[in-house]
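The values are calculated or read from the model by the stated rules, or taken from the named source; none is laboratory data. Here the structure is a predicted model, which means the values were calculated and not measured. Note that we place each Cβ from the backbone using ideal geometry, even for glycine, and neighbour counts take in every protein chain shown. What goes into the accessible areas is simple: the full protein's heavy atoms, side chains included, and nothing from ligands, DNA or RNA. Shrake-Rupley method; radii C 1.70, N 1.55, O 1.52, S 1.80 Å.
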Amino acid sequence: MTKITPKEGYKEAINLLKKCSSKYGFYASIYSKDNYKRIWSRDGVISGLAGLITNDNLLIETFKKTLDTLKKYQGPNGEIPSNVDAENGKVSYGMSAGRVDSAILYVIGCSKYYKKTKDDKFLSSHYKAICKTIKLLECWEFNRRDFIFVPESGDWADETPRRGYILYDQILYYMALKEFIAIKKVRGDDYLYWNSKVKRFKNKIKINFWPEKVAQKDKQYIYHKETFSKIKKGKEFWIESFNPKTKRFDALANILMILSKIPNKEQNSSVINYIKKISNNDLIPAFYPVITKSSKNWNELKTNYSFSFTNKPYLSHNGGLWPMVNGFYISALKEVGEDKLANKYIQKITDANYLHPSKQWGFFEYLHGKNKTPNGVPYMAWSAAGQIFAFKSKKII
């Protein structure tokens, strides 16, 4: 059998993104199941970021349409839709809870699109919406202490039992605030308040999500002294949430940390070594360890779903292998000079996206974490994005 090459995968990924393109933006998938054939903030922005690095005019224009659609259906307080059926105007801001990362990614997406295109008309038309969304995100801090409180089902791991001060959302928020400052500078608006906030926020992430002995000068950044004192010190990775009971590894959050340039070299090495240990240099599970029927939070997991229970062991967010997540990982590996390992992963993602019962490009949502069979929905735009991230190996976010 002839080996499928990453270059072939890259071309097929671009073709799929074009098939997912519509006059309203990127569909999450061309496969009409549940609400996948809609314009999603999360999927749309990630697909759009991939579109930007291809330099393909159609994909860049589709990213603009995605952001325009999200702005059109922005809620009165700045809420960005989780997804929109633009054909009939149906809009969802979330199911059991609103989606925090939808709003954050919209801000990042607008800034990244502008930086690529220098489209002043676009930025002018979105500026008020961006400011409104940032104001809402600050409101979600609740106690005005920088970290956003995320409700259960409030981000991409929407059927996973977690809540509170989740690292994934905090690091995205940090990135969004940096992009907001860049936008403020372009607009000629004052940004001193936001500059101060970002510097403080960066230190709080460093201290609270990698808990260890803190120097006297850094004690001001401890979010909650009692909670901090109870978190196990000496972690091998950035903790999933600021919670004494936290034990799981959140792959995407740790990858985003590497891309943020907040960690030092030792922390990056520790994270990558941990990934090597749990993956055996194969595709990374989205979360580790897997929650099983004998786990304490099994009952909480199995009752949290939108359409049907998908988070069985080694599936979906419960140990599933996502090409999108692994695509970001390759960018992180390149960021820290792990080129040899990154090149191995490019082929692994290509093989994962090719898997299909009919021996064709499937671009499935994720693979089973143990037997590597394709699962979830096929023809996913952000699985194609993962292929593009892998092949281009450029700075994404």
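What accessible surface, in Å², does a 1.4 Å probe find on HIS224, ignoring ligands, DNA and RNA and rounding to the nearest 10?
The value for HIS224 is about 90 Å².
Beyond 21 Å, what share of the Cα-Cα pairs of the range 230-380 remains, rounded to the nearest whole percent?
Percentage above 21 Å: 47.
For the range 161-240 and the range 254-290, what is the separation of their Cα centres, given in Å?
If we compute the Cα centre of each part, the gap is 19 Å.
Mind pulling up the Rg/Rh value for the chain? Radius of gyration and Kirkwood radius, both on Cα.
For the chain, the value is 0.94.
Quickly rank 36-45, 162-171 as a protection proxy: mean count of other C-beta atoms within 10 Å, highest first.
36-45, 162-171
Taking only DSSP H segments of four or more residues, each worth -39500 (n - 2.57), what value at 222 nm results for the chain once the sum is divided by all its residues, to the nearest 500 deg cm²/dmol?
Result for the chain, helices only: -16000 deg cm²/dmol.
Pairs of Cα atoms under 8 Å, at least six residues apart: use those to get the relative contact order of the range 179-258, whole percent.
So the answer I get is 21 percent.
Out of the total accessible area of the chain (probe 1.4 Å, heavy atoms of protein only), what percent is carbon and sulfur? Each step should come with its number before you reach the end.
Numbers: 8220 of 16920 Å².
Roughly 49 percent, rounded to a whole number.
With every protein chain left in place, what is the accessible area per residue of the range 37-110 in square angstrom, probe 1.4 Å?
That works out to 31 Å² per residue.
Who wins for biggest fluctuation among ASN318, ASN195, ASN243 in a Gaussian network model of the chain, springs between alpha carbons below 10 Å?
ASN195
How much FRET efficiency would the formula 1/(1 + (r/R0)^6) give for MET95 and ASN143, where r is the Cβ-Cβ distance and R0 is 35 Å, rounded to 0.05?
Given R0 = 35 Å and the Cβ-Cβ separation, E is 0.85.
Volume per residue, Å³, of the convex hull around the alpha-carbon atoms of the range 153-244?
That works out to 113 Å³ per residue.
Enter the Cα centre distance for the pair the range 124-157 and the range 72-94, rounded to the nearest angstrom.
15 Å
Evaluate the relative contact order of the chain (contact order divided by residue number), counting alpha-carbon pairs under 8 angstrom at least 6 apart; express in whole percent.
17 percent
Hey, what's the range 286-351 come to in accessible area per residue, 1.4 Å probe, Å²?
Accessible area per residue, the range 286-351: 43 Å².
Can you give the relative contact order of the range 1-101 as a percent, counting alpha carbon pairs under 8 Å and 6+ residues apart? Walk me through the numbers on the way to the answer.
Working: 135 pairs, mean separation 22.3, N = 101.
About 22 percent, as a whole number.
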